[in-house]
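Chemist: Could you have a look at this structure, given as structure tokens, before my questions?
What follows is calculated from the coordinates using simple rules that are stated; it is not laboratory data. Only a predicted model underlies this, so the values are computations on that prediction, with no experimental measurement involved. Don't worry about glycine lacking a Cβ; one is built from the backbone with ideal geometry, like all the others, and counts go over all protein chains shown.
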Amino acid sequence: MTRRKGADVIAQSLIDERIPYVFGICGHGNVGMLDALYERGDEIKLISPRHEQIAGHMADAYFRVAHRPVATLTSCGPGSANLPMSLACAQADSSAFLAITANVPTSQWNRAPFQEAYQHYQADFPSVVRPFVKRSFQPSRVDMLPTALRQSMNLMTTGRPGPVNLDVPYNVFQEEDDVADTGPVPQRSVTRTGADAAVVEDITRLLLDAERPLLFIGHGVTLSEASTELTALVDRLEVPVVMSPNGMGTLDMTHELSLGFIGRNGTYAANQAGRRCDVLLTLGARFDDRSSSSWVPGYSWNMPPTKLVQVDIDPAELGRNYQPHIGVAADVRTVLRQLLGELERSEQVAVARARSGKWRQDIAGWRREWEEHIAPAFTDESSPMRPERVVKAVQDVMPEDGILVCDSGQHHNWFMQFWKARRPQQMLNTWGYSAMGFGVSGVLGAKLARPESPAVAVVGDGGFTMTPSVLATAVEYDIPAVWVVWNNYAWGAIRDLQHGSFGGREIGTSFLRGGEPYNPDFAALARSYGVGGIRVSKPGELSAALEEAIAANRPFVIDAEVDGHVPPTSVGTWELPPLPRPEPKFGAPWQP
């Protein structure tokens, strides 16, 4: 037993858990924890951005790239109240970090001291974040910290990952108690649950007997690190694949059987395959409204008659939106290995591949139709740039190991539709909660997680102006991230919605001054921070600027003028009742 301050107990636990960073913002409530981090600065590094939301998005993106959590540190009251946006973003996309928040001293609970939330319960910040974390712990004594920390570390990364909150009263950072010396934490074992053998046989039989089999992959494949097994299954059965954005890259998207994203702004071949498949094996995907055309039959899916096999680590996702023919609560990689083992023993694989040959021919035809439709835009040299040309320029320049971090906005629709991720954990999206600021801020965490890889954020002009202080953090800590600002002078995605559903009327969505488009000069803004800055309006200029930015190996902003009046080509739908749902602009829904 050693007598230690609470803050020292927390710092030691973070170090023992091999957590390399704390992304933290100072405040009177957490000065005791800051002092402990000062003492251990050679073992764990504090990085202090200029806003708490930024800290949370950095931690979220770090986990998505490294699959190891880091911690955030915020003060009581407003400091921690800035964190729920990034906690919600991480929770919705199954990403983990430890959010250490400060609170008022226990001796002052329920007396309304400075920055206490006390309306319904004393020191009630945990209720603020309750919807967005797997668990909130509030140890009120130093001797409670070791248990809360151990449980927090275990909970974050087991099962479906997610953020955990450790809410620490001011005095607990500073007070001392006798705490056991546990030493370094052993490597945590990961339990990878599988499916019952009989169920694996049933799934295998369904796949082998299918005439039109299809795989739908989501973030669960990424988190399970099952890219190798997924690719082996695709090649073994020659089964096509559609995906949600957080699953992109787990199968190299240049693979001939990768059909891309499914949903309103997906590809034509992906939606055609979803509408017509007879057996669908879904791996770690949620069937959210955007990848399911709001669950309207005929647009992206038809279940039934399609037989759904759904595998997910979270039992709550099984049957949430479609009743599975077979539902399996298990680890995706384990189930894939089980299926591969079963297929190795089967003598029907060649027969099954022959049976689905016509299906692959149909898919190839749909792919050709789609590529012929979209091809002209990818050679358009107009200025401001067409959105397709921006995607192409980034795709052409980005090296294979580069990390793309997308923010929420109109630009994300285009990257979902056309981006081809080559590897897992290299296309990061704010998908479930769609938080503006994730891409702007998260690129810093992504670069810290994999310093050897270029990290490029594509962000909207609206989203970038929410958290531009990321540039100061990049300079202070020498983080050579690149931002491509999609400058279309609007909240473009919402302006498109207004135009489509309200007769062309718009209000509050275009950025105007005296009736003319207005934005700051983002390149000049970047230079004022000490960041490289270039403004471009032509496709060739963008390619050259991005090459320069990546080669510079310093923080860099590219202000890219994009035509904001070119809406994405929808191939599904997205329904917002009671507004009438829009019909696809290419292709047509199919009713069974």
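Chemist: How long is the gain from Asn553 to Glu43 if the chain were fully straight, where each residue apart is worth 0.36 nm and the alpha carbon distance is subtracted? Provide the component values of the computation, followed by the final result.
Modeler: Values: separation 510, 0.36 × 510 = 183.60 nm, distance 2.57 nm.
Roughly 181.0 nm would be gained on extension.
Chemist: While we're looking at this one, here's another question. Treat the count of other C-beta atoms within 10 Å as a stand-in for reagent exposure and order Asp196, Asp461 from fewest to most.
Modeler: Asp196, Asp461
Chemist: Moving on to the next point. Measuring from the lowest to the highest alpha carbon on each principal axis, how far does the range 70-193 reach, largest first, in angstroms?
Modeler: 47, 37, 20
Chemist: So, in nm, how far is label Met144 from label Lys358 when the simple model puts each one 7 Å beyond its Cα toward the Cβ?
Modeler: 6.7
Chemist: Looking at the chain, send over the antiparallel percent of its DSSP beta bridges, to the nearest 5.
Modeler: On the way: 7 of 67 bridges.
In the chain, DSSP labels about 10 percent of beta bridges as antiparallel.
Chemist: Continuing with the same structure: Could you work out the pair-distance distribution P(r) of the chain from its alpha-carbon pairs, with 10 angstrom bin width and percents rounded to whole numbers?
Modeler: P(r) for the chain, in whole percents per bin: 3, 17, 26, 25, 18, 9, 2, 0.
Chemist: Helix 387-397 against the longest principal axis of the chain: what's the angle in degrees, Cα atoms only, rounded to the nearest 10?
Modeler: 70
Chemist: Can you give the FRET efficiency for Gln151 and Leu579, using 1/(1 + (r/R0)^6), R0 = 35 Å, r = Cβ-Cβ distance, to the nearest 0.05? Spell out each step's value before the answer.
Modeler: On the way: r = 45 Å, r/R0 = 1.28.
Rounded to the nearest 0.05, the efficiency is 0.20.
Chemist: With an 8 Å Cα cut-off and a minimum separation of 6 or more residues, compute the relative contact order for the range 90-206 in percent. Spell out each step's value before the answer.
Modeler: Details: 155 pairs, mean separation 38.3, N = 117.
After rounding, I find 33 percent.
Chemist: Here's a follow-up. If I take the Cα coordinates of the range 383-561 and project them onto the principal axes, what are the three extents in Å, biggest first?
Modeler: Extents along the principal axes: 49, 35, 31 Å.
Chemist: Between the range 222-300 and the range 431-447, how far is it from one alpha carbon centroid to the other, in angstrom?
Modeler: First find each Cα centre; the distance between them is then 23 Å.
Chemist: To the nearest 10 degrees, how steeply does helix 332-345 sit against the main Cα axis of the chain, on a 0 to 90 scale?
Modeler: It is inclined by approximately 40 degrees.
Chemist: What does the range 197-372 give for Rg and for Dmax, in Å, if only its C-alpha atoms count?
Modeler: Cα-based Rg and Dmax for the range 197-372 come out at 14.5, 45 Å.
Chemist: Could I ask something else about it? Taking other Cβ within 10 Å of each residue's Cβ, how do Ser224, Ser244, Ser48 sort, fewest first? Intermediate values should be presented prior to the final figure.
Modeler: Values: Ser224 26, Ser244 30, Ser48 16.
By the 10 Å Cβ count, ascending, the order reads Ser48, Ser224, Ser244.
Chemist: Phe586 versus Arg130, label points 7 Å from Cα toward the beta carbon: distance in nm?
Modeler: 4.7
Chemist: Tell me the GluC sites (Glu not before Pro) within the range 367-461 that lie in a loop according to DSSP and have at most 16 other beta-carbon atoms within 10 Å. The partial results should precede the final answer.
Modeler: Values: sites: Glu369, Glu371, Glu372, Glu381, Glu388, Glu400, Glu452; in loops: Glu381, Glu400, Glu452.
Counting only loop positions with at most 16 other Cβ atoms within 10 Å, the GluC sites (Glu not before Pro) in the range 367-461 are Glu381, Glu400, Glu452.
Chemist: Moving on to the next point. Enter the Cα centre distance for the pair the range 475-551 and the range 12-44, rounded to the nearest angstrom.
Modeler: Result: 36 Å between the Cα centres.
Chemist: Also, I was wondering about something else. Cα centroid distance between the range 553-592 and the range 127-151, in Å?
Modeler: One Cα centre to the other: 41 Å.
Chemist: So, one more: For the modelled label position 7 Å from the Cα of Arg68 along Cα-to-Cβ, which residues of the range 176-212 have backbone nitrogen atoms closer than 17 Å?
Modeler: 184-190
Chemist: Next question. Can you compute the FRET efficiency between Glu372 and Thr254 using 1/(1 + (r/R0)^6), with r the Cβ-Cβ distance and R0 = 22 Å? Round to the nearest 0.05.
Modeler: Working: r = 19 Å, r/R0 = 0.85.
Calculated value: 0.70.
Chemist: Sticking with this structure for a sec: Using a Förster radius of 25 Å, what is the FRET efficiency between Asp35 and Asp181 based on their Cβ-Cβ separation? Nearest 0.05, please. Write out the running numbers ahead of the final one.
Modeler: Numbers: r = 21 Å, r/R0 = 0.83.
FRET efficiency, Asp35 to Asp181: 0.75.
Chemist: Then there is this: Label Met1 and Arg236 with points 7 Å out from Cα along Cα→Cβ: what is the distance between them in nm?
Modeler: In this crude label model, Met1 to Arg236 measures out at 5.6 nm.
Chemist: Now for a separate question. Restrict the search to the range 477-532; then list the trypsin sites (Lys or Arg not before Pro) that DSSP places in a loop and that have at most 13 other Cβ atoms within 10 Å of their Cβ. Don't skip to the answer; put the middle values down first.
Modeler: Values: sites: Arg495, Arg505, Arg513, Arg527; in loops: Arg505.
Of the trypsin sites (Lys or Arg not before Pro), the ones in loops of the range 477-532 whose Cβ has at most 13 other Cβ atoms within 10 Å are Arg505.
Chemist: Please figure out what share of the DSSP beta bridges in the range 2-179 is antiparallel and state it in percent, rounded to the nearest 5. Write out the running numbers ahead of the final one.
Modeler: Numbers: 4 of 22 bridges.
Approximately 20 percent, going by the DSSP bridge assignments.
Chemist: What list do you get for Met153, Met416 if you sort them by fewest beta carbons within 10 Å? Walk me through the intermediate numbers first.
Modeler: Details: Met153 22, Met416 28.
Fewest-to-most Cβ neighbours within 10 Å comes out as Met153, Met416.
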